[in-house]
1. Count charges around Phe282 for me, please; just the other residues with Cβ under 15 Å from its Cβ, Lys/Arg as +1, Asp/Glu as -1.
2. Can you pull the percent of segment 451-583's accessible area that's carbon plus sulfur, 1.4 Å probe, other chains left in place?
3. Would you mind counting up the charge near Leu332? Only other residues with Cβ under 11 Å from its Cβ, with Lys and Arg at +1 and Asp and Glu at -1.
4. Round to a whole number: what % of the accessible area of segment 681-785 belongs to carbon and sulfur, probe 1.4 Å?
5. May I ask you to evaluate 6.51 cos²θ - 1.76 cosθ + 1.60, the Karplus curve with θ = phi - 60°, for each residue of segment 314-321 and list the ³J(HN,Hα) values in order in whole Hz, giving x for glycine and proline?
6. Figure the gain on full extension for Ser785 and Glu313 (residue separation times 0.36 nm, minus the Cα-Cα span) and round it to one decimal in nm.
7. HN-Hα J couplings of segment 153-161 from phi, Karplus 6.51/-1.76/1.60, θ = phi - 60°, integer Hz, Gly and Pro as x?
8. Would you please give the residues with an amide H less than 5 Å from that of Val782, counting only those at least 5 places away or on a separate chain, with H modeled from the backbone geometry?
Amino acid sequence: MAGRRAVAGIGPGALLALRVLLAAAHPQCLDFRPPFRPPQPLSFCVQYSSFGCCTAEQDAELARRFRALETRLDAGVWATCAGYALDLLCQECSPYAAHLYDAEDPATPLRTIPGLCEDYCLDMWQTCRGLFRHLSPDRELWALENHRAKLCRYLSLDDTDYCFPSLLVNENLNSNLGRVVADAKGCLQLCLEEVANGLRNPVAMVHAGDGSHRFFVAEQVGLVWAYLPDRSRLEKPFLNVSQAVLTSPWEGDERGFLGLAFHPHFPHPSKLYVYYSVGVGFREWIRISEFRVSEDDANTVDHGSERIILEIEEPAANHNGGQLLFGDDGYLYIFTGDGGMAGDPFGTFGNAQNKSALLGKVLRIDVDRKERGLLYGIPPDNPFVDDPGARPEVYALGVRNMWRCSFDRGDPVSGTGRGRLFCGDVGQNKYEEVDLVERGRNYGWRAREGFECYDRKLCANASLDDVLPIFAYPHKLGKSVTGGYVYRGCEYPNLNGLYIFGDFMSGRLMSLRENPETGQWKYSEVCMGRGQTCAFPGLINNYYPYIISFAEDEAGELYFMSTGVPSATAARGVIYKVIDPSRRAPPGKCKIHPAQVKVKSRLIPFVPKEKFIRTPESIPRPTARAPTKAPRRRRPTAAAPAPTIRPTKPARPSRRPGGRKGGGRRRGRPSTAVPAPQNGSVRLVRPAGLSPGRGRVEVFVGGHWGTVCDDAWDTKAAAVVCRQLGFAHAVRAAKRAEFGEGRSLPILLDDVRCTGSERNLLECAHAGVGTHNCKHEEDAGVECSHQDPDL
């Protein structure tokens with residue numbers, strides 16, 4: 001009944017340290033949820049008016065019980081004991097009520113009297129022990145009424161940090177009460193709630209803004225699923241363009257279905273817009289199409305209604321952009337990559353700096369009009385409409401590969417910040433960055449990466465007039481930024497104004513908060529809550545490491561999508577809702593009333609699979625392994641200093657989320673991560689059915705996996721590769737893509753000439769990284785063996 005818990009195998013000193021750690025913050029109410037700030041001051045339990053677990057209605061009920069007690073007790077006794085009665089009744093309003101009543105676990109019996117500290121209990125027993133039977137129906141407690149030591153032992157808590165009234169003056173429990181808790185390193189302690197699972201690289205989650213509070217989740221393969229507010233999924237896909245979408249099972253392939261957005265006035269008209277990769281032969285391009293929802297089923301698209309409104313040829317398989325957003329102005333914003341490969345090598349200044357190219361840009365179009373022979377209109381205030389050397393669609397330029405952007409909804413009360421456009425731009429060799437995108441501005445790529453110069457000649461050009469990012473971080477923190485959202489939801493007031501984003505490669509969750517007076521942004525990492533911080537029913541403290549995308553629902557609550565295997569065909573993707581365990585909104589304030597939508601498809605109920613991991617330590621971020629196949633949004637590796645926030649004006653380029661490898665552990669699980677590959681590392685990719693030691697050669701250079709051309713390819717080069725892979729002998733050098741073409745990868749080496757003694761292919765003579773005059777039909781391979789082929 002008293003709910004005592006022992007910690008086996010831990011000495012007294014360690015147990016004390018553990019208690020301090022657990023006390024660092026796990027406020028919890030009797031409904032198993034975080035405390036809140038009551039909308040109005042409480043009139044009875046006034047000490048919990050600013051923060052606690054009681055609404056005005058609950059406070060009034062406690063006052064009624066207090067008055068009822070008064071009628072049952074002698075006036076003299078009541079005069080002595082009323083203060084004790086007030087104390088004990090009001091502990092239901094304490095921010096630590098769940099601890100006081102042993103209610104952390106919904107499966108355990110609830111105390112009827114809060115846990116008392118020994119000295120308080122002994123004092124109360126001396127004068128008011130008869131009060132206990134009026135406060136509790138527990139007959140075991142009644143039987144101990146005349147046994148002071150036994151009764152006080154019965155009412156004690158094993159964890160004395162939480163006993164009443166000591167918890168009122170416990171600095172560990174009260175110093176940050178009601179605030180987002182940070183650990184000793186400043187890492188914000190948040191928790192998660194699983195929302196959906198079994199998804200294949202979930203690249204986007206959006207809502208329709210129609211009051212239905214449905215959410216729509218896009219998989220990279222080209223399917224979009226509709227979910228109802230209760231998180232059940234419709235069995236029939238909302239949209240299926242998988243036959244048209246260009247992607248592959250290779251982990252890290254950046255092509256595929258990449259984005260969607262509903263018309264801002266949906267369902268009038270009932271239109272949505274999608275962004276996906278297509279290809280024929282060696283030609284690849286991105287397509288922006290319009291669809292209409294079926295007139296017969298509000299949860300299905302009319303697939304015959306597709307209207308292609310824009311196509312842009314892609315010169316390479318990576319850097320495909322993929323974001324679609326509608327702004328408050330009603331226009332569609334399209335975010336394209338720079339065309340791929342490395343360093344934006346297209347033309348004199350690259351695509352991103354070329355105003356006549358649509359790649360490496362933020363575009364803005366009017367989907368409700370057509371003009372100039374186009375299938376869309378040009379907003380009259382687009383910045384380059386009067387520039388004959390520029391495409392009129394261009395809204396901003398100088399971007400490398402913006403991966404996930406969002407508009408700020410603005411502060412729910414003042415509206416501050418509304419309409420700001422945040423983007424994560426994936427970098428090249430050194431930095432990832434977060435930008436605030438504004439009309440007509442140049443974001444610097446390929447002149448700059450982060451705050452530093454990338455192309456020094458371009459960087460020195462005084463006419464560049466580029467805008468620095470609000471934040472950039474080096475590759476020791478992550479190598480592929482995934483842009484997020486400024487939290488503007490209702491449920492977690494402490495998160496208001498916090499921009500939360502992540503990194504696909506490192507699995508790191510991060511945040512920025514603006515100082516409104518200076519305009520500077522303060523960086524804090526986001527960690528999964530330590531100890532008991534996330535020990536609420538339904539919450540978890542771990543996630544899969546490859547952070548693909550962020551989202552907000554119709555009410556403004558924040559989510560992110562990640563996977564354990566970054567392949568378009570691996571059903572390992574999970575959607576998580578971000579939870580602040582330190583404080584929630586008052587009960588009832590955030591209640592939604594979804595508009596009813598007729599459902600014709602069978603519903604698949606949501607069954608959560610992820611579990612809370614019990615550990616006293618801060619949950620480490622999940623470690624992602626490098627992908628085994630084509631890189632997906634990634635860059636060359638380079639060590640760099642700590643995160644940097646807007647200096648006066650150094651240098652910068654941009655990048656996009658990089659390839660990540662399968663089998664990723666969840667953040668918070670013991671790590672057995674494979675180390676990141678080093679420059680010159682090689683791997684063999686072989687068709688199914690072939691034995692190990694045979695396959696296409698792929699080499700890792702500057703953060704990318706790529707193929708090797710077979711010009712000059714011979715057994716000496718094969719010997720270098722085989723020795724790196726642990727084989728004693730090279731049987732032969734394979735040519736003409738004998739083991740398949742690596743078309744989703746860049747060609748990194750050509751004209752490789754080795755003596756056979758080199759440690760890796762980079763030490764051999766070659767034409768230069770990325771320099772080649774061949775195609776993937778000439779991808780080189782090897783056959784290796786542990787046995788001497790001549791024996």
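1. Values: positive: Arg255, Arg283, Arg743, Lys775; negative: Glu284, Glu313, Glu314, Glu741, Glu777, Glu778, Asp779.
Summing Lys/Arg as +1 and Asp/Glu as -1 gives -3.
2. On the way: 1660 of 3580 Å².
Here it works out to 46 percent.
3. Working: positive: Lys271, Arg364; negative: Glu290, Asp329, Asp366, Asp368, Glu393.
Spelling it out: positives minus negatives among the neighbours equals -3.
4. Values: 1960 of 4170 Å².
With neighbouring chains kept in place, the figure for segment 681-785 is 47 percent.
5. 10, x, 9, 7, 10, 6, 9, x
6. Numbers: separation 472, 0.36 × 472 = 169.92 nm, distance 4.28 nm.
Fully extending the segment from Ser785 to Glu313 adds 165.6 nm.
7. Once θ is set to phi - 60°, the couplings for segment 153-161 become 5, 5, 8, 7, 10, 4, 8, 5, 4 Hz.
8. Hits under the 5 Å cutoff: Gly695, Val697, Ala734.
The values are calculated or read from the model by the stated rules, or taken from the named source; none is laboratory data. Everything numeric here is computed off the predicted structure, so don't read it as measured data. Because the Cβ atoms are built from the backbone with ideal geometry, glycine has one as well, and the counts that use them run over all protein chains shown. Calculation scope for accessible area: heavy atoms of the full protein, side chains included, ligands and nucleic acids excluded. Shrake-Rupley method; radii C 1.70, N 1.55, O 1.52, S 1.80 Å.
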